[in-house]
Each structure stands twice: as structure tokens, then as C-alpha cells.
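**Q** Got a structure for you, questions after.
The values are calculated or read from the model by the stated rules, or taken from the named source; none is laboratory data. Keep in mind that this is a model prediction, so the values were computed, not measured. Glycine gets a Cβ as well: all are built from the backbone with ideal geometry, and neighbour counts include every protein chain shown. Surface areas here come from the heavy atoms of the whole protein model, side chains and all, with no ligands, DNA or RNA. Shrake-Rupley method; radii C 1.70, N 1.55, O 1.52, S 1.80 Å.
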Amino acid sequence: MNFERIDELLLGEPVYRIKQIKKALYQDLIDDWSQATTLPLILREKLNKESPLAIDAELFESDDKKTVKALITLKDGVKIETVLMEHKDGRNTVCVSSQAGCALACAFCATGKAGFKRNLTAFEIAQQVFLFGRYLKKIKQKITNIVFMGMGEPFLNYDNVLNTIKFLNDPDGFGLGARNFSISTSGIIEGIRKLSTERMEINLAISLHAPNQKLRSDLMPINKKYPIGKVLEAVAEYVRTRKRRVMFEYVMISGVNDSNKDANELAKIMKKPLYFVNLISLNPVPGFEPSTSERTEKFKTILLEHGVQVTQRYRFGQDIDAACGQLAGKDE
Ligand code: SAH
Ligand code: SF4
């Protein structure tokens, strides 16, 4: 699929034609121009020849069929991963990558271990959404949520990420409401500040994973450049100006960040209006074990006793390496 080429081919076409094409591509989610029956046959044939819509991807389904992972090969051969999660409540969330790989090397993350290749273009990000939009259409379903929790640090590719959201938000196009997008960041302060100034009501999530400077730096090297205290200040400012909830992701790692002491320390910094902690079960990576469910329960109880809002994340797609932090873009 090549968008730049589509624009070229349509140069000089009337406005209504462009509208028909937008509808076919982003609402009807066609995967072959022959399905765009509002267009003259000759144009369909030309588009099919010069700008085919196929996306080069291999799909993997989890045993329970609730998670599908796509391994997409980009034009330059770089591989990225995208995950679709079909929730029991009817939501269909697509977890998109913003970069091929990630330079931030968090200790517990498979993406970080594989290193950084390059930023994705807005089109390469949007393409991940169309792939699963088309997939769901075949079973008469729709994407309801898009989360930037795949490979990469979205705020180190800020403009392309925001342009993708603006593009997918366009009511004449894909038309997904801004509130259905979430960006997860390891704490890039410039990004948090910039997001505060955007008109759109995009959700913000912070990968916290530790309650203090020392432990967080051990787990997330980026914490040396953007210390936890400064990140929390930027979030506080965001909450003051935007009055929107912020999610703090906390991955439970056995014997590392899951003690009662950690919970108490975390409670102190999280007991704020509009803050909530999302406890995530660690998807195993070499050297780290997930906390037991008893430990997680205890940890959660301590947070709740302090009046902190807590949610827990359901595990998706571990068997196909499609869970958070397992996306490494490797060939199976
Ligand atoms: N780079 C961004 C967004 C992508 S990572 C960020 O770090 O926020 C998406 C989420 O998956 C983050 O909260 C990240 O900390 C988490 N994650 C990474 N490795 C994980 C693992 N092994 N198990 C569970 N969650 C993990
Ligand atoms: Fe990068 Fe996020 Fe993984 Fe850290 S957790 S290495 S920031 S993708």
C-alpha cells in the first residue's frame, strides 16, 4: 500500500471523486480497488495497477482467538508488530507501534532489548490500523480503541504520532473520536507538555513501574535523563490544565518492585484526584519473573487502603508473543 502514490494519481480529479475515494479507503476499508464501485472502471484498474492496497503482513492468532498479532513488513524490509485485542465487553483495541524497535532499553521489555531501527511515518502507523479495520470488517466489527503501546516510544516520534491521530480522527475519513486514543510514554517530558497543549482529548498513560528514582533508573535508563520527580511534575501540570484522568502503568516484577514498602511508597505519589494505577502482569522476559497473584493482590490492597484508584490489566496473547513488551519484530 502506497499513499503518496495515491495522491499523485488523483491529482486533477474533482473534489467529489476524492471524497468517494476517502470513503472507500477509510470507511468501507476496501483492500482492493475493484471494491470501490463508485469509481469508474478505468480508474479502478489504474489504481489497482499503480497503487495496490495490499498490506504485506503475516497474522498470528492466539489459542483463545481473542488476540491477533500482525507482523508487517515495511517497504524497506523493516518489520513491525501490531496487535488486535477483542475484549469481552465488545471493545476492539488495536495496539500500534510508533517506531521500529526502541532505543530506551527498559530492562524488562523485549522491544527495548532488540534495539532501535527507525521512526515510523504517519502512514506506516495508520496502515497498522487499516489492516485490522479490514480484518474486523470481515466479521462485521469495528475498531473502538487505539493505544500506542506497541513497539517504540511515541513521544520520540511526536509529530508523526499526532498527525496519525488527527488523520484517523477526521470525520470524513476513519472517524475515530480522540477520546478513543491513548498514548503510553516512558516519561518524555517534552511530549507530556506538548500533549497538554493539543486541542484533542487524547488519553495519556505513563509507564511508571517503580516508586522512586533509584529503582526506576535501574529498570528504565531513560529515568536518568527524565527523573521521576520531573515526570510527575509534568503530569501534575497536564492534569491541572486538561482535567483529564491519567493512567500510571506498573508492571509487577517478582522481588523487584512488588514489596509492601514499594506499595506504600507508590501510594504516596499516586493518591491524587484523576490519577489511577494500572497493575500489569509481567510478560516473562529473561531474568524477570512476574509477581505471584497473592503478591499482586496484597500490593493492590495496600494501594486501595491508601485511597488510590487501581485497575488490573487482563493478559492478552502471551502464547503468540503479542503481549506488552514482547513485541520484537522477529520472524517466527
Ligand atoms: N514505550 C512506551 C509505549 C510502548 S510499551 C512506554 O514504555 O510506555 C507499552 C507498555 O508495555 C509500557 O507500559 C511498558 O512498560 C509495558 N511493558 C514493557 N515490557 C513489558 C513486559 N515484559 N510485560 C508487561 N508489560 C511490559
Ligand atoms: Fe521502549 Fe517502552 Fe519498551 Fe521501554 S517499555 S524499551 S520505552 S517500548
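**Q** For the cross-link pairs K23/K88; K23/K137; K46/K69; K243/K300; K75/K117; K79/K117, which exceed 21 Å when the distance is taken from alpha carbon to alpha carbon?
**A** Distance filter (> 21 Å) returns K23/K88; K46/K69; K243/K300.
**Q** Here's another thing I want to ask about it. Can you give me the solvent accessible area of E198 with a 1.4 Å probe, rounded to the nearest 10 Å²?
**A** 30 Å²
**Q** Follow-up. What's the angle, to the nearest 10 degrees (0 to 90), between helix 41-50's Cα axis and the longest principal axis of the chain?
**A** With rounding to tens, the tilt is 50 degrees.
**Q** How large is Rg over Rh for the chain, taking Rg from the Cα atoms and Rh as the Kirkwood inverse mean of 1/r across Cα pairs?
**A** Taking Rg over the Kirkwood Rh, I get 1.00.
**Q** So if R0 is 35 Å, what FRET efficiency would E201 and D89 give, r being the distance between their Cβ atoms, rounded to the nearest 0.05?
**A** Taking R0 as 35 Å, the efficiency between E201 and D89 is 0.95.
**Q** While we're looking at this one, here's another question. Taking the full set of protein chains and a 1.4 angstrom probe, give the accessible area of S259 in square angstrom, rounded to the nearest 10.
**A** Surface accessible to solvent at S259 totals approximately 50 Å².
**Q** Using a Förster radius of 30 Å, what is the FRET efficiency between T301 and K214 based on their Cβ-Cβ separation? Nearest 0.05, please.
**A** FRET efficiency, T301 to K214: 0.75.
**Q** Of all DSSP beta bridges located in segment 161-288, what percent are antiparallel, nearest 5?
**A** Here the antiparallel bridges make up roughly 5 percent for segment 161-288.
**Q** Taking R0 as 22 Å, what FRET efficiency do you get between D319 and S293 from their Cβ-Cβ distance, rounded to the nearest 0.05?
**A** 0.70
**Q** Let me have the 222 nm mean residue ellipticity of the chain computed from DSSP H runs of 4+ only, each contributing -39500 (n - 2.57), with the sum over all residues rounded to the nearest 500.
**A** Theoretical 222 nm ellipticity from helices: -10500 deg cm²/dmol.
**Q** So, with +1 on the Cβ of K and R and -1 on the Cβ of D and E, and no other charges, what is the size of the charge dipole of segment 1-54 about its Cα centre, to the nearest 20 debye?
**A** With Lys and Arg at +1 and Asp and Glu at -1, about 200 debye.
**Q** What spacing in nm lies between the two simple spin-label points modelled at D172 and E50, each 7 Å away from Cα in the Cβ direction?
**A** It works out to 2.1 nm between the two label points.
**Q** Residue-wise, which Karplus ³J(HN,Hα) couplings in Hz belong to segment 200-210, taking 6.51 cos²θ - 1.76 cosθ + 1.60, θ = phi - 60°, and x for glycine or proline?
**A** Result, ordered by residue: 7, 8, 8, 7, 10, 10, 10, 7, 8, 6, 7 Hz.
**Q** Taking the Cα atoms only, what angle lies between the long axis of helix 293-305 and the longest principal axis of the chain, rounded to 10 degrees?
**A** So the inclination is approximately 80 degrees.
**Q** How would K224, K140, K22 rank on accessible area, largest to smallest, probe 1.4 Å?
**A** Most to least solvent-accessible, the answer reads K140, K224, K22.
**Q** Work out from phi, with θ = phi - 60° and the Karplus expression 6.51 cos²θ - 1.76 cosθ + 1.60, the ³J(HN,Hα) of each residue of segment 137-144, listed in order in whole Hz, and give x for Gly and Pro.
**A** Each residue's phi maps through the Karplus curve to give 4, 5, 10, 6, 10, 9, 6, 10 Hz.
**Q** I've got another one for you. Using 0.36 nm times the number of residues separating K113 and E237, minus their current alpha carbon distance, what extension gain do you get?
**A** 41.4 nm
**Q** Taking every alpha carbon pair in segment 35-143, what does the distance histogram look like in 5 angstrom bins from 0, in percent?
**A** 2, 10, 17, 19, 17, 15, 10, 5, 2, 1, 0
**Q** Considering only the other residues whose Cβ falls under 14 Å of the Cβ of R240, what net charge follows from Lys and Arg at +1 and Asp and Glu at -1?
**A** Charge balance in the 14 Å sphere: +4.
**Q** Calculate one ³J(HN,Hα) per residue across segment 14-30 by plugging θ = phi - 60° into the Karplus curve 6.51 cos²θ - 1.76 cosθ + 1.60, and present them in order as whole Hz with x for glycine and proline.
**A** Result, ordered by residue: x, 4, 4, 5, 4, 4, 4, 5, 4, 4, 4, 6, 9, 10, 7, 6, 5 Hz.
**Q** Next up: Taking only the Cα atoms of segment 1-54, how large is their convex hull per residue, in Å³?
**A** 69 Å³
**Q** Another question about this same structure. Please report how far the C-alpha centroid of segment 216-237 lies from that of segment 106-133, rounded to the nearest whole angstrom.
**A** 23 Å
**Q** For the chain, give me the percentage of DSSP beta bridges that are antiparallel, rounded to the nearest 5 percent.
**A** Of all bridge pairs located within the chain, approximately 45 percent are antiparallel.
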